[in-house]
Amino acid sequence: MEDIKKDAVVKTRADELKEKYGKVYRVASTIEVDDDTEKNVEFFFKRPSTASYDRYVKTTAQGATKALKVFLFDNVVEESRASLEADLEEFPALALSIGEKLLGMLGLSKQTNLKML
C-alpha cells in the first residue's frame, strides 16, 4: 500500500518536473552503507547536452571526481540539487554511478567491440 502511495507521489512530482523542464529522467540508486544498512536515493535530471559533455571532458584534467560533480550539477534539476549535494558529500563514489548512466544517454557504451580485419 505504501509503495502505491510513493509511486503516486513520484508520478505527480515527475509530471510537475516535466512541465517545468521538458524531458526529465529519474535516477534511483541503493547505497550499501554497511552490512546491515542500505540507503535509497533518487534524483531527477535533464538530458545532458553536448555542451555539458564538453565541460565534463575539459574538467577531467582537474580530476575525475570534480569533473563528474560538474557534469551532474550541470544536469540535475533544481529541485534535486540540495539532496544530490548532500549525498555526494557523504558518498562521493555515487557520482560515478550516476554519471555513468547520464553519459550512457550521450552514447557511452558498456559494450563496444573492436576487431582487426
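For (1) without any contact (Cβ under 8 Å) to a residue 12 or more places away in the chain; (2) among the hydroxyl-bearing types (Ser, Thr, Tyr); (3) touching a strand residue (DSSP E or B) at 6+ places or on another chain (Cβ under 7 Å), each residue gets a yes or a no:
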{"position": "PRO48", "(1), (2), (3)": "no, no, no"}
{"position": "ALA51", "(1), (2), (3)": "yes, no, no"}
{"position": "ARG55", "(1), (2), (3)": "no, no, no"}
{"position": "THR60", "(1), (2), (3)": "yes, yes, no"}
{"position": "LEU68", "(1), (2), (3)": "no, no, no"}
{"position": "ASN75", "(1), (2), (3)": "no, no, yes"}
{"position": "LEU88", "(1), (2), (3)": "no, no, no"}
Among the residues of segment 10-50 satisfying the criterion of being over 24 Å from LEU88 (Cα atoms) and open to solvent by less than 100 Å² (accessible area, probe 1.4 Å), which is modelled with the highest pLDDT?
-> GLY22
Mind checking which pairs have a first residue in segment 22-38 that is in contact (Cβ under 8 Å) with a residue 24 or more places away in the chain and a second that is of a type in the set (Val, Ile, Thr), Cβ under 6 Å, 6 or more apart or different chains?
-> VAL27/ILE98; SER29/VAL41
ASP54 fails exactly one of the following numbered conditions: (1) acidic (Asp, Glu); (2) assigned to a helix (DSSP H, G or I); (3) touching a helix residue (DSSP H, G or I) at 6+ places or on another chain (Cβ under 9 Å). What is the number of that condition?
-> (3)
Please give the number of the condition LYS69 fails out of (1) loosely packed, with under 15 Cβ neighbours inside 10 Å; (2) in contact with a Pro (Cβ under 9 Å, 6 or more places away or on another chain).
-> (1)
Among ALA61, ALA67, ALA28, which is the only one that is aliphatic (A, V, I, L, M) and in a strand (DSSP E or B)?
-> ALA28
Mind checking which residues of segment 77-86 are touching a residue at least 24 places away in the same chain (Cβ under 8 Å) and either in a helix (DSSP H, G or I) or open to solvent by 10 Å² or more (accessible area, probe 1.4 Å) (or both)?
-> GLU79, SER80, SER83, LEU84
Could we say that TYR53 is closer than 15 Å to GLY99 by Cα, of a type in the set (Ser, Thr, Tyr), open to solvent by 60 Å² or more (accessible area, probe 1.4 Å) and within 10 Å of the chain's Cα centre (by Cα) here?
-> no
Here the residues within segment 70-109 that are closer than 15 Å to PRO48 by Cα and of a type in the set (S, T, N, Q) are ASN75
May I ask you to list pairs of residues, at least six apart or on different chains, whose Cβ atoms are under 7 Å apart, with the first in segment 96-116 being touching a residue at least 24 places away in the same chain (Cβ under 8 Å) and within 21 Å of GLY63 (Cβ to Cβ) and the second being open to solvent by 60 Å² or more (accessible area, probe 1.4 Å) and assigned to a loop (DSSP other than H, G, I, E, B)?
-> none
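The values are calculated or read from the model by the stated rules, or taken from the named source; none is laboratory data. Please read these numbers as outputs of a predicted model, since none were measured by experiment. Glycine also receives a Cβ, built like all others from the backbone with ideal geometry; neighbour counts cover every protein chain displayed. To get the accessible areas, we keep the full protein, side chains included, count just its heavy atoms, and leave off ligands, DNA and RNA. Shrake-Rupley method; radii C 1.70, N 1.55, O 1.52, S 1.80 Å.
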